[in-house]
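Input: a single structure, listed below in structure tokens.
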Amino acid sequence: MQTPSDPFDPRHFDDVRKPLDQASTMPPWVYSSDEFYRREVDRIFMKVWNFMGHVDQVPHPGDYVALEFVGVPFIICRNMTGELRAYANSCRHRGSKVAIGSGNVKEFMCPYHGWCYGLDGQLTATVDMDRTAGFCKEDYGLTPIKVDSWGGFLFVNFDPDCESLADYLGDLPDNLASHRLADMANVRTVEWELNHNWKLFVENAKESYHIAVVHRETINQVAPVTSADYTVSDTAGQYCTTFATHEGSMALLKDDPGFPPIESLEGRYRQGTYAPMIYPMTYLACTIDTAWFLQLFPMGPKKTRLVHGACFPRDRRDRPDFEARAANYYKRWDRTILEDIEAGDHQQAGIASPFAQPGRFCFREPLVHQIDNWILDRVLD
Ligand code: FES
Ligand SMILES: [Fe+2]
């Protein structure tokens with residue numbers, strides 16, 4: 001199926017807009033069209049709170065990390081009093097990046113002509129600018145970007161007029177209060193390259209239909225679709241979520257030993273896994289003994305970078321058996337992520353066929369339908 005000449009005409013999506021049991025899946029071209037991707041960047045990624053990993057990347061005053069997201073280079077840092085700051089990574093002289101990689105600095109010195117910027121973004125020093133008429137350093141600070149954190153996770157928003165992160169997340173922090181995410185350490189991150197569209201990965205992450213097939217030997221042994229149920233609940237905030245009821249930890253393969261449950265867990269959270277997806281594409285999974293995140297960096301319509309982050313309560317690292325036990329979790333994650341990546345790569349290849357057509361949803365895919373409609377609400381005319 002080719003991309004139509006009017007891809008944002010809502011009539012192409014009439015069948016996706018129907019209730020789940022009557023709806024069709026998205027037109028295949030939304031997963032490979034440059035034009036559709038560009039619209040997602042403009043209307044979604046440039047407007048929402050985008051997940052940027054864990055605060056452990058910048059724990060101390062002066063720490064910074066230079067990142068790039070949908071083609072926008074920016075810096076997240078802590079100023080001298082330890083507050084989070086973010087700036088466009090673009091010098092106010094002639095535009096060079098001023099920070100590369102990560103590290104700890106007192107100021108950012110542009111590598112091109114040496115202009116210096118403080119951790120609060122102000123231009124502090126220039127060379128030979130005394131003959132430039134009316135030039136005033138106060139007018140040429142780094143452009144600020146909105147940054148905030150919740151539960152130890154960093155978020156940035158490129159829209160200066162955006163709602164607060166707290167409003168965006170709604171009741172998610174309340175629902176996860178007993179996991180005490182802010183008291184967890186991000187002990188490991190692993191990067192993966194996906195040869196598929198970001199939406200395919202997100203849709204996969206929020207449906208249980210594939211678990212019995214793709215994760216037959218792994219997740220389905222611990223939390224089988226038929227008994228764990230993967231119940232969808234209503235949310236007040238920009239996220240959707242499931243709760244799977246099962247014995248033990250979702251983050252281990254069957255019979256592998258792990259860490260004790262998180263001591264503060266209350267109620268149903270002791271009996272399973274709460275897995276929200278913060279729109280548009282950040283998957284969190286909070287099970288009885290650990291939490292993990294899946295962070296996506298769309299790199300174009302058919303390429304996506306994935307970062308998997310593992311978090312444990314901080315004191316687990318003091319255990320003499322920490323590395324040995326943690327290895328059991330890493331083994332499980334590395335195996336199941338690969339299972340999902342292969343599924344997505346196969347799907348991208350098939351969905352790009354000129355013979356590909358929209359399909360129909362199973363009742364186990366309500367959040368795929370919901371995610372697709374959340375996207376359409378933002379990209380259509
Ligand atoms: S571009 Fe940064 S000092 Fe010239
Ligand atoms: Fe999966």
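Quick rundown of the values:
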| quantity | calculated |
| --- | --- |
| Which numbered condition P19 fails, given (1) part of a helix (DSSP H, G or I); (2) not assigned by TED's automatic domain parsing to the domain that holds V72 | (1) |
| Hey, E40 closer than 21 Å to I351 by Cα and either within 20 Å of the chain's Cα centre (by Cα) or assigned by TED's automatic domain parsing to the domain that holds D148 (or both) or not | yes |
| Region 267-316, subset part of a helix (DSSP H, G or I) and touching a residue at least 24 places away in the same chain (Cβ under 8 Å), residue farthest from E193 (Cα to Cα) | G267 |
| V225 being surrounded by 16 or more Cβ atoms within 10 Å (Cβ to Cβ), more than 16 Å from ligand 1 (Cβ to nearest atom), of a type outside the set (D, E, K, R) and within 22 Å of the chain's Cα centre (by Cα) | no |
| Selection from region 166-187 of residues that are in contact with a strand residue (DSSP E or B) (Cβ under 8 Å, 6 or more places away or on another chain) and part of a loop (DSSP other than H, G, I, E, B) | G170, L176, R180 |
| Scan of region 188-224 for residues that are among the polar types (S, T, N, Q) and touching a strand residue (DSSP E or B) at 6+ places or on another chain (Cβ under 8 Å), ordered by number | T189, N197, S208 |
| Matching entry among E339, E247 (being under 22 Å from the mean Cα position of the chain (by Cα), within 30 Å of D234 (Cβ to Cβ), of a type in the set (D, E) and at pLDDT 95 or above) | E339 |
| First in region 63-75 and in contact (Cβ under 8 Å) with a residue 60 or more places away in the chain and assigned by TED's automatic domain parsing to the domain that holds T282, second anywhere and of a type in the set (D, E) and in a loop (DSSP other than H, G, I, E, B), Cβ under 9 Å, 6 or more apart | none |
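Matching residues to (1) modelled with pLDDT of 95 or more; (2) within 30 Å of Y117 (Cβ to Cβ); (3) in contact with a strand residue (DSSP E or B) (Cβ under 7 Å, 6 or more places away or on another chain); (4) crowded, with 19+ Cβ neighbours inside 10 Å:
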residue: M1; (1), (2), (3), (4): no, no, no, no
residue: D14; (1), (2), (3), (4): yes, no, no, no
residue: D34; (1), (2), (3), (4): yes, no, no, no
residue: D42; (1), (2), (3), (4): yes, yes, no, no
residue: L67; (1), (2), (3), (4): yes, yes, yes, yes
residue: F74; (1), (2), (3), (4): yes, yes, yes, yes
residue: M80; (1), (2), (3), (4): yes, yes, no, no
residue: R94; (1), (2), (3), (4): yes, yes, no, no
residue: I100; (1), (2), (3), (4): yes, yes, yes, no
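The values are calculated or read from the model by the stated rules, or taken from the named source; none is laboratory data. Remember, predicted model here, so these are calculated numbers, not experimental data. For neighbour counting, all protein chains shown are included, and Cβ atoms are generated from backbone atoms with ideal geometry for every residue, glycine included.
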